[in-house]
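Peer 1: Below you'll find the structure I mean.
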Amino acid sequence: MKNGFIKVAAASPVIRVCDCDYNADRVIECIEKADALGVKVLAFPALTLTGVECRDLFRHRVLLDGAEKALAKVVKATEGKDMLVLVGAPVSLGHAVNSAAAAVSDGKLLGFIPQRTQTGQFVGDDGEPSAIDNEPTGFDAVPYSADSVIWCQALPALGIAVELGPDTDGVWSREARSARAGATLIVKMADFPQTVYSTRDAELNARYESRHNTAAVLLAAPGRGESSTDNSYSGLCMAAENGVILAETEGEDSFAVTEIDVEYLENLRRQSGDFDWIDEDYTAIAWDCAPVDTALTRRYSKHPHLPENPAELPAYCERMLDIQVSALVKRMTYAHLDHCVVGISGGVDSTLAVMVSAMAVKRMGLPSTNVVACTMPCFGTSSRTKSNAVVVAEQWGCEVRVIDITKAVLQHFDDIGHAHDDYSLAFENAQARERTQVLMDIANKCNGLDVGTEDLSEFIDGWCTYNGDHTSMYDVNLGLTKTQVRANVSHIAATTEDKVLKAALYDVLDCPVTPELLPIHDDLIEQKSEDAVGSYALQDFFTHHILINGFTPSKVFRLAKAAYADEFTDEELKRWLTSWCKRLFSQQFKRSCLMDGPAVEAFTVSPRTGFRIPSDGEATLFLKDLENI
């Protein structure tokens with residue numbers, strides 16, 4: 001189970017009510033299909049071998065005997081197949097009959113997991129663990145307990161719990177109890193009919209339960225072969241993981257297949273602290289499964305910090321903007337300040353910061369001229385970026401100040417004995433620190449706040465000058481990745497009616513990211529940040545999966561290949577991933593003393609609440625893991 005992935009499927013074949021032998025053949029066909037796809041866990045609806053509408057026939061010996069023989073047929077068909085099959089059947093235990101899931105693998109019946117909730121058509125036992133002897137079918141005594149977890153021997157973090165029929169919709173959260181017992185996959189073998197809202201409700205439940213319990217949910221509902229006496233059935237099958245629907249189908253012979261990431265769920269549970277040292281009275285059922293390198297078919301977004309559905313992006317951006325503006329208003333109000341001072345360069349970060357500042361002073365009832373936008377050209381400033389910066393600020397009604405810092409920087413070079421043509425690190429950093437000094441001093445003069453522009457991506461890769469653009473009085477972009485900053489600027493450009501502003505914003509988005517610190521020739525942007533640290537979209541991908549999801553670099557390389565195979569070669573992905581890992585450790589000293597700023601996600605690199613690591617940590621283990629590629 002390389003990287004914690006395991007392929008799962010939910011199947012809902014077209015069956016015939018009460019025709020157990022026919023139904024067993026349909027189940028076996030699904031097993032063969034799943035085996036060819038490399039599926040390791042296959043789930044069917046409740047009462048697959050009989051149909052859910054048999055009613056009083058469930059107590060009839062003919063149907064019970066037929067279901068028993070059909071189950072034996074299914075068990076035999078799994079011989080030689082390295083797969084866990086969960087198939088629904090009525091089970092007679094003494095004088096009681098109950099709906100149960102038969103756990104089957106490699107020609108063996110591992111156990112029965114009965115339905116907990118008693119209904120009019122079933123009379124069961126008290127749910128206490130016991131054993132059932134199926135000698136007529138040749139089975140040995142096996143566990144029979146509603147409170148069971150099936151443990152995968154090859155993937156210890158994979159525990160599988162089963163909910164049947166009405167148990168899947170109980171008011172009391174059985175899924176939560178199973179999750180606390182260690183189950184990371186909740187299989188819901190449903191019996192509900194199709195209604196106008198059944199699919200919507202099932203999706204909502206799967207999203208909520210998988211998110212709330214930090215688990216995966218695999219659901220199979222009865223197929224279209226069920227009786228139409230009083231109900232219709234749709235064959236809904238779906239898989240969800242931590243609030244996200246991974247696969248969903250509905251119709252005849254429905255079959256939903258995907259991979260769940262057990263390692264991801266395990267990492268999230270470790271971070272939550274809610275699953276530590278939990279001892280629940282659950283029956284353990286062992287399932288032997290050979291380790292396998294699961295082929296990935298699930299899709300990974302190139303931009304995990306943005307919603308996958310484009311229709312959700314406008315509201316998402318408005319929410320981010322409101323967080324930024326509200327936080328800035330609070331800080332200014334608390335400090336009794338009435339001006340924002342922003343250094344504008346024509347890049348996306350400063351462009352967003354000046355627009356957020358304009359929104360903030362407007363919300364405070366102050367004139368837009370209370371935003372002092374300073375462009376400070378020096379050796380590496382192009383006319384294109386300078387023009388865009390001024391246009392954006394002016395269209396928002398800000399006071400624009402053009403302060404050429406060339407003389408001040410040259411004087412500083414003379415003061416410290418640095419040659420004017422020595423383009424070393426000191427040459428670059430002197431400009432950034434001069435700009436910060438100017439902004440803070442202007443803020444002091446006008447009762448203002450120096451609003452920072454650096455974003456989360458730049459703080460993670462350390463692409464900023466310590467005590468230069470690294471520093472401000474309050475950074476409104478501190479919690480936004482570069483892709484989120486670009487999304488906000490793009491959203492404002494798309495929604496503004498100001499044609500001049502719209503054109504300037506789109507040109508800002510079209511410009512390459514640049515620190516503008518080295519001299520330029522023919523007014524061309526030559527110093528490009530992504531040439532040094534890699535694509536910011538790729539960096540944000542690494543950040544999401546390594547820092548938030550807790551994946552190893554080698555696993556992230558695998559996911560990056562799945563997401564970015566059309567843009568980057570394997571060599572490029574490894575190069576930028578190696579660079580990212582090195583900079584994560586070497587640049588931590590800049591994150592250890594960051595200023596305040598609002599988070600827009602449940603992740604930040606603030607030294608107070610974010611990802612906290614020592615400033616002298618070594619990247620050795622991360623780099624060594626890359627050798628596994």
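Peer 1: Would you mind finding the one in Y474, Y536 that is of a type in the set (F, W, Y), in contact with an Asp or Glu (Cβ under 9 Å, 6 or more places away or on another chain) and at pLDDT 95 or above?
Peer 2: Working: Y536 fails: at pLDDT 95 or above.
Residue meeting the stated conditions: Y474.
Peer 1: Another question about this same structure. So which of E263, E248 ends up being crowded, with 17+ Cβ neighbours inside 10 Å, assigned to a helix (DSSP H, G or I), at pLDDT 95 or above and among the acidic types (D, E)? Walk me through it before giving the result.
Peer 2: Details: E248 fails: assigned to a helix (DSSP H, G or I).
E263 is the lone residue from the list that is crowded, with 17+ Cβ neighbours inside 10 Å, assigned to a helix (DSSP H, G or I), at pLDDT 95 or above and among the acidic types (D, E).
Peer 1: Tally up the residues in region 397-449 that are surrounded by fewer than 20 Cβ atoms within 10 Å (Cβ to Cβ), small (G, A, S) and within 42 Å of the chain's Cα centre (by Cα), please.
Peer 2: Summing the residues that are surrounded by fewer than 20 Cβ atoms within 10 Å (Cβ to Cβ), small (G, A, S) and within 42 Å of the chain's Cα centre (by Cα) in region 397-449 gives 3.
Peer 1: Please go through region 541-566 and pick out each residue that is more than 17 Å from D625 (Cα to Cα) and either among the small types (G, A, S) or free of Cβ contacts under 8 Å to residues at least 12 places away in the same chain (or both).
Peer 2: Within region 541-566, A562, A563, A565, D566 meet the criteria.
Peer 1: Another question, then. Hey, F275 hits all of (1) part of a loop (DSSP other than H, G, I, E, B); (2) not assigned by TED's automatic domain parsing to the domain that holds S148 but one; which does it fall short on?
Peer 2: (2)
Peer 1: Could you please let me know if D65 is farther than 17 Å from F255 by Cα and modelled with pLDDT under 95?
Peer 2: yes
Peer 1: For region 603-626, how many residues meet the condition of being closer than 25 Å to R558 by Cα, touching a residue at least 12 places away in the same chain (Cβ under 8 Å) and not β-branched (V, I, T)?
Peer 2: Matching residues across region 603-626 total 8.
Peer 1: Also, I was wondering about something else. Across region 67-79, what is the number of residues that are of a type outside the set (A, V, I, L, M) and either crowded, with 21+ Cβ neighbours inside 10 Å or under 36 Å from the mean Cα position of the chain (by Cα) (or both)?
Peer 2: So the count comes out to 1.
Peer 1: Which is touching a strand residue (DSSP E or B) at 6+ places or on another chain (Cβ under 6 Å) and at pLDDT 95 or above, of D596, D625?
Peer 2: D596
Peer 1: Also, I was wondering about something else. Based on what the data block shows, is R55 under 24 Å from D169 (Cβ atoms) and of a type in the set (K, R)?
Peer 2: Criteria met by R55.
Peer 1: Let me ask you something else. Conditions first: (1) farther than 16 Å from M440 by Cα; (2) at pLDDT below 95. T375 passes all but one, so which condition is the exception?
Peer 2: (1)
Peer 1: If a residue counts only when it is buried (at least 19 other Cβ atoms within 10 Å of the Cβ) and touching a His at 6+ places or on another chain (Cβ under 7 Å), which helices (runs of 4 or more DSSP H) contained entirely in region 531-629 have at least 1 such residues?
Peer 2: Passing ranges, in order: 536-542, 553-564, 588-591.
Peer 1: Test each condition in (1) free of Cβ contacts under 8 Å to residues at least 60 places away in the same chain; (2) in contact with a helix residue (DSSP H, G or I) (Cβ under 7 Å, 6 or more places away or on another chain) for R583 and report the one that comes out false.
Peer 2: (1)
The values are calculated or read from the model by the stated rules, or taken from the named source; none is laboratory data. Everything numeric here is computed off the predicted structure, so don't read it as measured data. Backbone-built Cβ (ideal geometry, glycine too); neighbour counts: all protein chains shown.
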